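J.: This is the structure, below, for whatever I ask next.
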Amino acid sequence: MIYQIFIEKPALKQLSKLKKRTREDLIAAIDALADDPRPLGYKKLVDENGTYRIKVKNYRVLYDVVDKILTVTVISIAKRNERTY
């Protein structure tokens, strides 16, 4: 199944501030969520319903998955030492 990927405006802004190579790696990881929204190494956030996290280099990508309508919505992209949730 192929999921649709949506990136919220704050996450796009965070992504645009990054260096080109880091941005490319993050975009590749986000695109891969379309095929597998729960890849190896993902973590479900305990307090949030349907919210997950993946690590890409020194960054965390927070995203929601809605299996009924096959969507993945990226909420936040931030350095791992910055708490965004």
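The values are calculated or read from the model by the stated rules, or taken from the named source; none is laboratory data. Here the structure is a predicted model, which is why all the values come from computation and not from measurement. Every residue, glycine as well, gets a Cβ built from its backbone with ideal geometry; the counts of neighbours run over all protein chains shown.
J.: Which of (1) within 18 Å of residue 3 (Cβ to Cβ); (2) in contact with a strand residue (DSSP E or B) (Cβ under 7 Å, 6 or more places away or on another chain); (3) polar (S, T, N, Q); (4) not in a strand (DSSP E or B) does residue 49 not meet, given it meets every other one?
T.: (2)
J.: From the list 57, 79, 9, exactly one residue is modelled with pLDDT of 95 or more and over 12 Å from the mean Cα position of the chain (by Cα). Which is it?
T.: From the options 57, 79, 9, the qualifying one is 9.
J.: While we're looking at this one, here's another question. If we keep just the residues of the stretch 21-38 that are among the aliphatic types (A, V, I, L, M), out of contact with any helix residue (DSSP H, G or I) (no Cβ under 7 Å at 6 or more places or on another chain) and part of a helix (DSSP H, G or I), which is surrounded by the most Cβ atoms within 10 Å (Cβ to Cβ)?
T.: 30
J.: Follow-up question, since we're still on this one. Search the stretch 68-82 for residues being of a type outside the set (A, V, I, L, M, F, W, C) and in contact (Cβ under 8 Å) with a residue 24 or more places away in the chain, and hand back the single one that is farthest from residue 4 (Cα to Cα). I'd like the intermediate steps shown before the answer.
T.: Let us first name the residues in the stretch 68-82 that are of a type outside the set (A, V, I, L, M, F, W, C), namely 68, 71, 73, 76, 79-82.
Checking which are in contact (Cβ under 8 Å) with a residue 24 or more places away in the chain leaves us with 71, 73, 76, 80.
Numbers: 71: 5, 73: 8, 76: 17, 80: 25 Å.
Filtering first and then ranking leaves 80.
J.: Take residue 3 and tell me if it is touching a strand residue (DSSP E or B) at 6+ places or on another chain (Cβ under 8 Å), modelled with pLDDT of 95 or more and surrounded by 13 or more Cβ atoms within 10 Å (Cβ to Cβ).
T.: Considered against the rule, which asks whether it is touching a strand residue (DSSP E or B) at 6+ places or on another chain (Cβ under 8 Å), modelled with pLDDT of 95 or more and surrounded by 13 or more Cβ atoms within 10 Å (Cβ to Cβ), residue 3 comes out as yes.
J.: Of all residues in the stretch 39-55, which are exposed (fewer than 14 other Cβ atoms within 10 Å of the Cβ) and of a type outside the set (A, V, I, L, M, F, W, C)?
T.: 39, 41, 43, 44, 47, 48, 49, 50, 55
J.: Where the second residue is among the β-branched types (Val, Ile, Thr) and outside any helix (DSSP H, G or I) and the first is within 13 Å of residue 78 (Cβ to Cβ) and lies in the stretch 13-24, which pairs have Cβ atoms under 7 Å and are six or more apart or on separate chains?
T.: What qualifies is 14/77; 15/77.
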